[in-house]
Amino acid sequence: MCPTSIRQNSPTYLHRIFLPKLPVDDPAELLQCRNPWGEKSEENLYQSHAPFLQHWQPYSADIKRIPSFPRGRDPDPGHRGTPIILSHYSYQEPREATRARPKEFEKYLTVPQYLPRVNFSLASGILDNATSASHIEEELESRPVINNYFEDSEEGGTKNGLYFSDGKRKIDYVLVYQNRKHTSLSTSEYSGATVPNGTATNLHRSKPHKQLPEHEQEVVLDVGSHHESVEEERRTRREEFEKNAMENGLEIEKDKESKTQGTSYVRIHAPWHVLSREAEFLKIKVQTKKAFEIKQEDGITAKVNSIWQKFTKPLLPKVGQSTQTGKHLSHPFTRDKMHLYNITNKETFFDSATRSRIVYEILKQTSCPTARYNMGITTLIANGVYDSAYPLHDGDYEESDSEENERKVLYQEWARYGVFYKYQPIDLIRKYFGEKIGLYFAWLGLYTQLLMPASLVGIIVFFYGCVTIGNDIPSLEMCDEQNNFTMCPLCDKSCDYWYLSTACATARASHLFDNPATVFFSIFMALWATLFLESWKRRQTRLCYQWDLTSLEEEEEHPRPEYETKLFQKKLLKEKKDRNQKKKQDDHATGKNKWKDKVLSAMGGADLAENEKLTWRDRVPGYLGNFVSILFMIGLTFSAVFGVIIYRISLAAAMAMSTNESTKSNIRVTVTATAVIINLLVIIILDEIYGTVAEWLTKMEVPKTEKIFEERLILKAFLLKFVNSYAPIFYVAFFKGRFVGRPGRYVYIFNDYRMEECAPGGCLMELCIQLSIIMLGKQLIQNNLFEIGIPRMKKLFRKLKDERAEPKESNNSSATRQPQQWELEYNLEPFTGLTPEYMEMIVQFGFVTLFVASFPLAPLFALLNNIIEIRLDARKFVAELRRPDAVRAKDIGIWYNILSGMGKFSVIINAFVIAITSDFIPRLVYQYMYSDDGSMHGFVNHTLSYFNISELLQGTHPQSSHFSNIKVCRYKDYREPPWSDHAYTYSKQYWAVLAARMTFVIIFQNLVMVLSEVLVWLISDVPKDISVRMKKEKSLLVDVFLKEEQKKVNLIESFLVQDRRKQKLKNEAQKAQASSFTQVARSQRSSFTSVSSRHTDV
C-alpha cells in the first residue's frame, strides 16, 4: 500500500480493477507506488503478487484519482524514469467514463475482443523476454485493431486526407516529428502505435541487466551515443504525451514506423463528448433555437439603403451570405441545456476552426511528467520533441473536380487578384481563420475604404497646385532673368557664383506641394485619422456583436516554455543552495530526525516551489541588455543617416570639380536621387535586422505569457522600425539647411566639408522626393516582393532539405503513393503571427499622416498598394501558409493605441512641417507686414540677404569664375547687410517670422485637437441599432431561461401532485385495509368467544 503522503499528491488517472485476492483495493496503487524509502523493493512487490497480476481482467467502473509527486519534487528521481504501466494493451475508458455513452459512438470506440495477457518481470513495464514480445506481435497481426496504422492501401477511405482511415472521424489536428533512429536499432525493437479509443500499444525489448543499488537505479537506455539517447528520450516523451492526450479523451491515429528516418505524423480527432466538455469549459457561444426578427428601417433611410444595395450588388462576394432579417440568440455552450441548441449533426455542430481550437487548448494543457517542468505541446515543440503542430485546411482550393469547401470559396471569391474590386467576406474569414485574423482583415478593409476620400482630396490639392503654378508670383520672380540675383557659391573653391534664375524648374515644382491648399489638406488628414479610429471602434463593436464576442473574457494563459525553463533553473539553484545549507545541519541530526526531515521535504517541498516566480532581480539583466541594445540600434540608425549625409556632401563636391558642364548642372538631382536610393536600401536591410533583434531582446526579458511577449515584441519592433524608417525624412524636414551658417562662417564637417543647403525653392520639394521614393520602395520591395519571394524560397529550401534528410524507400508503392493532405500542408510555410502584417500598415499609416503636408499623393499610393496587399495577404493565408490556430479576440490589441498615438503625433509633425519646412508662414508675414501693396511682389528679394565677397575666407574663393566686377552676392537668410552696424546678425524679419511660426504651431495644434475631440464626441462608439439589438437579445435570453425554469417548476409540481394523489390513494387503501382487518379481527374475536363459551358449557 502506498504511503498516504504520496497518494494525496498525484494527478494520474487510472481505472479500478478487480483482484479478489490482492490485499489492496486497487493494484494500480501498488504499481504506482515506487516505494522510494526502501521498505520493500519493487521486485519483491511484483513477486508477491505476480499470480494475481497475470490473471486480472478490466471492467468498466468509475474513474479514480491516483496520486503522484508534483513536478520537480520527486524524492527519488532515479526510480521514476518511466511510468509503471500495468499493461500496454489494457483498455482505458475516456475521461467521461462515469457518464453513459450513446450507442451511436460505440462503433467508433470499439476495441479488440481479445486482449493478450502479459507477463511482468520488471516494475518498469518492460516485457520479460523476447518470446512474450513476439507472441504479442503475432496477436496484433492476427487480431486487427481499428486505425492502429495508416497503410498505403487505406488511402481511399481518408476522404482526401481529412479523415481517419475509417473515413468517419475528421482530423482536427496534426502533430509532426522526425524519426532519427540509429540503423543498429531495428524497427521491431521500438515499434509502437496508438489507438483512437484510448488504448496505447508500446513494445519494448530490453536486455538483461544487473540490479543496481537503490541510490544508483536509473532508466537503462540501450544506446550507443549521446544522439541516440536524446532521440530515445524524445520518443519516450512523445509516447507519454500521447498517452496523456488519449486519457483526456482525444483519439489518435499514427503512421506505421517502417522507416529508420523521415517524417512521421500523428492525427488527432476530438469526439463529441470531448468537444462538448471543452466548449463548456471555454464558454464558447453557440446559437440557440430561439431567434428574433431584426427590425428593418423605413422611410428615406430604407430607400437609400435599397438603392445602395442594388448599386453594390456586383461587388458582393458569392459566399452564400444572406441579408440579416433575423438573428438567433447565442448562449455559452453547456451540456445541461442541450435541448436549447439546434444540434442536427454532432459532427458539424462545431465548425473546423472551433474544433481545432478546442484540441489545441487540450494539447496545451496536457502535461509530460517525464520532463517535470514541461507543460503542453508548445514546450515539446520548443524542446524538439515534436517538429510542428497545426490544424488542416478544409481541402484543395485549385482542382475543379474537388469537393466544395470553405477554403476553395475563399480562394475564388477573395484570394484572387481578379476579384480585387469585391468586398471581403469577413464573416467567412472569421469562421475559417478565427476572430483575430478576421479582425485584422476587417481593419485593413476599413482602412483601405477610408483611403479613398483621402486620396480624392489629395488629388484635388495636387491639381490645385498644377493649375495655380502660372499665377505664383515668387516662382515667376525666380524665373525672371531680368532680376539677375547673383548667388554665393554653393561650395568652396570648385563652385562658382550663379544666378537664381537657373533654379526656375525647382521653384515651379515646389509650388505643386507648397501652396495654401496643403495647409487645408494637413488639417483634413488630422481629422481623417480621428475619423478612421472612431469608425473602426464602431465597426469593431458591430463585429463583436455579430460574432458573439461582447461578453468575451480574458482567458488565463499558460506560461511560455522559456519562462518555465527559467523558473525551473531558478528552482534547481535554490534547491542546490538549500541542500548545501542543510547538509551541515544534517550531520549533527540523529538518524530518526534525518529520516523525518526527508519525508517532510518530500511532502511539502513541492508546495513551496509552486509559489516561485521570477522577480525583478531575475529580470534586471534582461532589462539592462534591452536598454543598451536599443540605444545601440538607434545609434546605428543615426550613424547610417550621417553616413548618407557624408556621401551627399562628398559626391556634390566631387561633381562640382568635374569639367563636364552637364555633370555640374545636374549635381542636385543626381545627389538627391542616389542618396534616397541608398537610404531605401539601408532602411530595408535594417528593418529585417531589427525584426530579429526585437524578438531576441524580448526573449531576454522572459515574459510569462504569450500576450505579454507579443505586446513587448510589438513595442520594440515598432520603436526600432519607426526610427529606421523616418530618421532620413526627419533630417530633411527639420535639420537640413538649418545649421549651415553663412558665407564667411560656414559650418564644416571634418574641417573639409560644408554642411549641405536646401534648394533655392526650399527643402519641401526634396522632402517630397525622399518621402515618395522611400514609401513606394518599401511597399514595392519589402511589402510585396519579399512577401511573395521569401516564403517560396523557404518552402523550396525546406522541401530540398526534407528530400536530402529522408532516404528513398525501397518499396515502389510508397514512392508512387499520392501525398496526403497533412503531408502537403507540412510543406507550407508555418504561420508566425500578424505582427509583420500590422507593422507594414502602421508604417504606411505614418507615411500617410505624419508628412502628408509635403506629399498630398501619399494616400493615393497607399490606396493602390492596399488593394494589392489585401489580395496578396489573402492568397498567402489561403494557399501558402499552414492553417493558423483560431484565436478569439474582440479588438486589435495594442495596435489601436499605436495608431491613436501616431494620429496625435501627426498633428504636431504637420504643424512643424508647414511652419518650418515650407514657405507658407514667411509668405504670410511678408504679405501682411512688409508688402507695400499687399501682394507677393518682392518676396524673393525680401528673403535674400547680402554678403561682401571680400570677406570670404582665404582659400574659399572660386578658382575660376565667369563673373567679374562682383562686390556682393546673395544668400537665403534673414540677416543684416554688411553695411549695417550689426552686420550679418539676424534681422527683425527673422524674429518676426520665427514668432509667426511658433504661433502657427500652437494655433494649428490646438485647433486640430479641439476639432478631433468634437468629432470623437459626435461619433458614438456603439452604433444605435447594435445597442438596441443587444438590449433586446438580453431581454429575450432572460425570457427564454425564465420559461425554461417555469417549465421545470411546473413539471416538478405536476410530479408532486401525482405523488400526493398516489400517497392519498395509498393512505385510503391502507385505511380500508386497516378497517377490513379490524372487522376480521372482531369477527375472529367473536367466534373465539362463542367457541370458548361452548367449551365452558361442555
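The values are calculated or read from the model by the stated rules, or taken from the named source; none is laboratory data. Fair warning: this is a prediction, and the values are worked out from it, not measured in the lab. Cβ sites come from the backbone with ideal geometry, for glycine too, and all protein chains shown count toward neighbours. Remember, those area values only see protein heavy atoms, side chains included, never the ligands or the DNA or RNA. Shrake-Rupley method; radii C 1.70, N 1.55, O 1.52, S 1.80 Å.
Pairs please, first residue from the stretch 469-488 and in contact (Cβ under 8 Å) with a residue 24 or more places away in the chain, second anywhere and open to solvent by 30 Å² or more (accessible area, probe 1.4 Å) and in a strand (DSSP E or B), Cβ atoms under 6 Å, 6+ apart in sequence or on different chains.
Met487/Trp498
Can you tell me which of Leu680, Leu686 is hydrophobic (A, V, I, L, M, F, W, C), out of contact with any Lys or Arg (no Cβ under 8 Å at 6 or more places or on another chain) and crowded, with 19+ Cβ neighbours inside 10 Å?
The match here is Leu686.
Exactly one condition in (1) at pLDDT below 90; (2) open to solvent by less than 20 Å² (accessible area, probe 1.4 Å); (3) hydrophobic (A, V, I, L, M, F, W, C) is false for Leu899; which is it?
Failed condition: (1).
Output the number of the condition that Arg742 fails; it satisfies all remaining conditions of (1) crowded, with 18+ Cβ neighbours inside 10 Å; (2) closer than 30 Å to Ala911 by Cα; (3) not hydrophobic (A, V, I, L, M, F, W, C).
Of everything listed in (1) crowded, with 18+ Cβ neighbours inside 10 Å; (2) closer than 30 Å to Ala911 by Cα; (3) not hydrophobic (A, V, I, L, M, F, W, C), Arg742 misses just condition (1).
Out of the residues in the stretch 653-677 meeting the condition of being outside any helix (DSSP H, G or I) and surrounded by fewer than 13 Cβ atoms within 10 Å (Cβ to Cβ), tell me which one is farthest from the chain's Cα centre (by Cα).
Thr659
Look at Arg267 and say whether it is part of a strand (DSSP E or B), surrounded by 17 or more Cβ atoms within 10 Å (Cβ to Cβ) and of a type in the set (D, E, K, R).
yes
Count, please, the residues in the stretch 397-417 that happen to be open to solvent by 40 Å² or more (accessible area, probe 1.4 Å) and either at pLDDT below 85 or on the phi > 0 side of the Ramachandran plot (or both).
Matching residues across the stretch 397-417 total 6.
Which residue pairs have Cβ atoms under 8 Å apart, sit 6 or more places apart or on different chains, and have a first residue in the stretch 994-1022 that is farther than 26 Å from Lys537 by Cβ and a second that is open to solvent by 60 Å² or more (accessible area, probe 1.4 Å) and aromatic (Phe, Trp, Tyr)?
Val1001/Phe912
Only one of (1) more than 30 Å from Leu552 (Cα to Cα); (2) crowded, with 19+ Cβ neighbours inside 10 Å fails for Cys466. Which number is that?
(2)
Would you pick out the residues in the stretch 273-289 that are in contact (Cβ under 8 Å) with a residue 24 or more places away in the chain, surrounded by fewer than 17 Cβ atoms within 10 Å (Cβ to Cβ) and hydrophobic (A, V, I, L, M, F, W, C)?
Residue satisfying the conditions is Leu282 alone.
With (1) surrounded by fewer than 21 Cβ atoms within 10 Å (Cβ to Cβ); (2) under 30 Å from Asp752 (Cα atoms) as the list, and Glu481 as the residue in question, which single condition is left unmet?
Against the list (1) surrounded by fewer than 21 Cβ atoms within 10 Å (Cβ to Cβ); (2) under 30 Å from Asp752 (Cα atoms), Glu481 comes up short only on (2).
Would you check if Ser494 is part of a helix (DSSP H, G or I), of a type in the set (S, T, N, Q) and open to solvent by less than 60 Å² (accessible area, probe 1.4 Å)?
So Ser494 fails the test.
As an exercise: evaluate Phe463 against (1) touching a helix residue (DSSP H, G or I) at 6+ places or on another chain (Cβ under 9 Å); (2) more than 14 Å from Asn941 (Cα to Cα) and give the number of the one condition it does not meet.
So the condition that Phe463 fails would be (1).
What pairs can you find where one residue is in the stretch 339-356 and open to solvent by 20 Å² or more (accessible area, probe 1.4 Å) and of a type in the set (S, T, N, Q), the other is outside any loop (DSSP other than H, G, I, E, B) and at pLDDT below 85, and their Cβ atoms are less than 6 Å apart, with a gap of 6+ or different chains?
Correct list of pairs: Asn342/Lys289.
Can you find a residue in the stretch 604-617 that is at pLDDT 75 or above, touching a helix residue (DSSP H, G or I) at 6+ places or on another chain (Cβ under 9 Å) and open to solvent by 50 Å² or more (accessible area, probe 1.4 Å)?
yes
Conditions: (1) over 34 Å from the mean Cα position of the chain (by Cα); (2) closer than 24 Å to Met525 by Cα; (3) of a type outside the set (Phe, Trp, Tyr). Met1009 meets all but one. Number of the miss?
Of everything listed in (1) over 34 Å from the mean Cα position of the chain (by Cα); (2) closer than 24 Å to Met525 by Cα; (3) of a type outside the set (Phe, Trp, Tyr), Met1009 misses just condition (1).
May I ask you to list the residues in the stretch 892-947 that are assigned to a loop (DSSP other than H, G, I, E, B) and either aliphatic (A, V, I, L, M) or within 19 Å of Phe847 (Cβ to Cβ) (or both)?
Of everything in the stretch 892-947, those that are assigned to a loop (DSSP other than H, G, I, E, B) and either aliphatic (A, V, I, L, M) or within 19 Å of Phe847 (Cβ to Cβ) (or both) turn out to be Ile892, Ser918, Met936.
Return the pair list, or none, for Cβ contacts closer than 8 Å from residues in the stretch 516-533 that are within 13 Å of Val1016 (Cβ to Cβ) to residues that are of a type in the set (Gly, Ala, Ser) and surrounded by fewer than 19 Cβ atoms within 10 Å (Cβ to Cβ), at least 6 apart or on different chains.
Leu533/Ser900
Would it be correct to say that Ser650 is open to solvent by 80 Å² or more (accessible area, probe 1.4 Å) and over 18 Å from Thr637 (Cβ atoms)?
Spelling it out, it is not the case that Ser650 is open to solvent by 80 Å² or more (accessible area, probe 1.4 Å) and over 18 Å from Thr637 (Cβ atoms).
Of Val1028, Val1016, which residue is in a helix (DSSP H, G or I), open to solvent by 60 Å² or more (accessible area, probe 1.4 Å) and within 30 Å of Leu527 (Cα to Cα)?
Matching residue, one of Val1028, Val1016: Val1028.
Give me the residue from the stretch 523-552 that is polar (S, T, N, Q) and touching a Ser or Thr at 6+ places or on another chain (Cβ under 9 Å) and, out of that set, most open to solvent (accessible area, probe 1.4 Å).
The residue in question is Thr550.
Can you find a residue in the stretch 856-879 that is out of contact with any Leu (no Cβ under 8 Å at 6 or more places or on another chain), in contact (Cβ under 8 Å) with a residue 40 or more places away in the chain, in a loop (DSSP other than H, G, I, E, B) and surrounded by 21 or more Cβ atoms within 10 Å (Cβ to Cβ)?
The answer is yes, given that some residue of the stretch 856-879 is out of contact with any Leu (no Cβ under 8 Å at 6 or more places or on another chain), in contact (Cβ under 8 Å) with a residue 40 or more places away in the chain, in a loop (DSSP other than H, G, I, E, B) and surrounded by 21 or more Cβ atoms within 10 Å (Cβ to Cβ).
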